1. Which of L177, L42, L260 ends up with the largest GNM mean-square fluctuation for the chain, with Cα atoms connected below 10 Å?
2. Multiply the residue separation of R126 and Y286 by 0.36 nm, subtract the distance between their alpha-carbon atoms, and state the gained length in nm to one decimal.
3. Convert each backbone phi in region 206-218 into a coupling constant with the Karplus relation 6.51 cos²θ - 1.76 cosθ + 1.60 (shift: θ = phi - 60°), then list the ³J(HN,Hα) values in order as whole Hz, x for Gly and Pro.
4. Among H230, H269, rank each residue by its count of other Cβ atoms within 10 Å, from fewest to most, as a rough exposure measure.
5. Under a 10 Å cutoff between Cα atoms, tell me which one of A69, A185, A259 has the largest fluctuation in the Gaussian network model of the chain.
6. Test of understanding: ordering L56, L273 by Cβ neighbours within 10 Å, fewest first, what list do you get?
7. Would you calculate the separation in nanometres between label points at T145 and A174, each defined as 7 Å from the Cα along the Cα-to-beta-carbon direction?
8. Suppose a student asked you for the relative contact order of region 24-301, using Cα pairs under 8 Å spaced at least 6 residues apart; what percent would you report?
Amino acid sequence: MTAEAQVKVAPIARQGRIRTVLEMIKFEHSIFALPFALTGALLAARYGAGEPWPSLRQILWIIVAMVGARSAAMTMNRIVDVDYDRENPRTSNRALPTGALSVSFAWIFTFASAGLLVIAAWRLNRLALELSPVALAILFIYSYTKRFTMLSHLVLGFCLGMSPAAAWIAITGAFDLRMLILCAAVTLWVGGFDVLYACQDLDFDRCSGLYSAPKRFGIARALLIARAMHVIMVALLGWLAASFHLPWPAWAGIVVIAALLAYEHSLVHANDLRRLNAAFFAVNGYISLLFLLFWGAAVALAR
């Protein structure tokens, strides 16, 4: 191979490695959690810090913290579940089971991502820094929960649900109990669609001894559980909007979110899960982004 050819191959190899890493951590799914964290930051600036908006510096470090936290959590989950992923036909083509990435590389990436979260927390304020190990512990513990409890759906939800509260702390250096309402809403939202998603792995969970709501209750009842969780989520958003006395865009956003959740559930039936991926990815992405748009507008109009 000529020197010129080697120069051309090297960037391609690096691009392939980067693409594989991003696929491993499902980087595109950051869209689910980040808008809720940013909404928490907007509420914190207006109602906690008395400022119209968070500073650009604060927003940037919150984004860095979110990327670090999620990357560390997802990679840890892939490491812990590598044997299950290898045996599950749906996940057997992932990076670690196929050897596209080594487990040692995944550990290094996990620690680097966790370090990124800690650095971002340090740059935000002291309380954020002090709580960063707690956040990491929760994120890492989730990877083991499916081995002993079907409440793993809620633990996963809480991993994303704590992001608005973390953003409030990042902006104000303190905590507001009203953020627990948004934390609970996001927890139920994520937990609900994780129940839906787990329906795909019912047979594998039964064979491998893993716990899930579909395994415990069957698919039909699991779908009802997911719907109940999302109904409660909508009610919690209404409670939160009322507690902050938010103007009409927040309420319009709740109506839109409720409609999208209803559409999401209309796509999935106990005897037909073929459209589950569409429900999981597209609709939930719209829910997250529209929540930020409508509630951001509400904060802008609030007096």
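1. L177
2. Numbers: separation 160, 0.36 × 160 = 57.60 nm, distance 3.39 nm.
Extra length from R126 to Y286 when fully extended: 54.2 nm.
3. Going residue by residue, I get 5, 6, 8, x, 7, 9, 6, 5, x, 5, 6, 10, x Hz, with x marking Gly and Pro.
4. Values: H230 26, H269 14.
Final ranking by Cβ density, sparse to dense: H269, H230.
5. Of A69, A185, A259, the Gaussian network model singles out A259 as fluctuating most.
6. Values: L56 8, L273 18.
Sorted ascending by nearby Cβ count, the order is L56, L273.
7. So the label points at T145 and A174 sit 3.0 nm apart.
8. Numbers: 398 pairs, mean separation 59.8, N = 278.
That works out to 22 percent.
Each value in this text was obtained by applying a stated rule to the coordinates, not by laboratory testing. Predicted, not measured: the structure shown is a model, and the values here were computed from it. Cβ coordinates were reconstructed from backbone atoms using ideal geometry, including for glycine residues, and neighbour counts include every protein chain displayed.
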